[in-house]
Amino acid sequence: MNDNPKIDPRNLMAVERATISLIGTSVSLIAFGFVIEKFDLFLYLVLTELKSKHIQLSTKFINIQFYNYLGIFIVIAGILMALYTYRYYTKWIEHLKKGTMDTDKKIYFFLSAFVAIIGIIVLISMIIL
């Protein structure tokens, strides 16, 4: 008797599409974090240029280091997401081999919450900083 039932190709391809989507989200987070982290470099260059022209600066330029930390945090989150995606994929392959279905709603909740939190932080930083 075969303990490993045959995996339906449609289910396998659906899992692979979800996995590729999660990897794409990870890459997007890493790229977004890189852009935000380098934004402090842009602000530093603007600050240097304005100082050289003896232009009075507002206090908004004091917190440019914030973008460095925010960018690094987002890149780390993207890396962790990529690592978790492998676990997600292997877990689903095990379920498909057993012929069972189980959904991991936590990953989608955490991803949605994380993106919403990052959006709120970026919005607040645009208003305040």
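Quick notes on this one:
- Long-range neighbours under 7 Å by Cβ, at least six apart or interchain, first residue free of Cβ contacts under 8 Å to residues at least 12 places away in the same chain and under 29 Å from Pro9 (Cβ atoms) within the range 94-120, second acidic (Asp, Glu) and outside any helix (DSSP H, G or I): His95/Asp102
- Of all residues in the range 19-30, those satisfying the criterion of being aliphatic (A, V, I, L, M) and touching a residue at least 40 places away in the same chain (Cβ under 8 Å) are Leu22, Ile23, Val27, Leu29, Ile30.
- Subset of the range 71-105 [under 30 Å from Leu43 (Cβ atoms) and of a type in the set (Gly, Ala, Ser)]: Gly71, Ala77, Gly78, Ala82
- Among the residues of the range 99-120, the one identified as assigned to a loop (DSSP other than H, G, I, E, B) and surrounded by 13 or more Cβ atoms within 10 Å (Cβ to Cβ) is Asp104.
- Leu96 falls short of the stated requirement of being in a helix (DSSP H, G or I), loosely packed, with under 15 Cβ neighbours inside 10 Å and of a type outside the set (D, E, K, R).
- Residue in the range 68-89 that is modelled with pLDDT under 80 and surrounded by 12 or more Cβ atoms within 10 Å (Cβ to Cβ) present: no
The values are calculated or read from the model by the stated rules, or taken from the named source; none is laboratory data. No experiment lies behind these values; they were computed from the predicted model shown. When we count neighbours, we look across all protein chains shown, and the Cβ atoms used for this are built from the backbone with ideal geometry, even at glycine.
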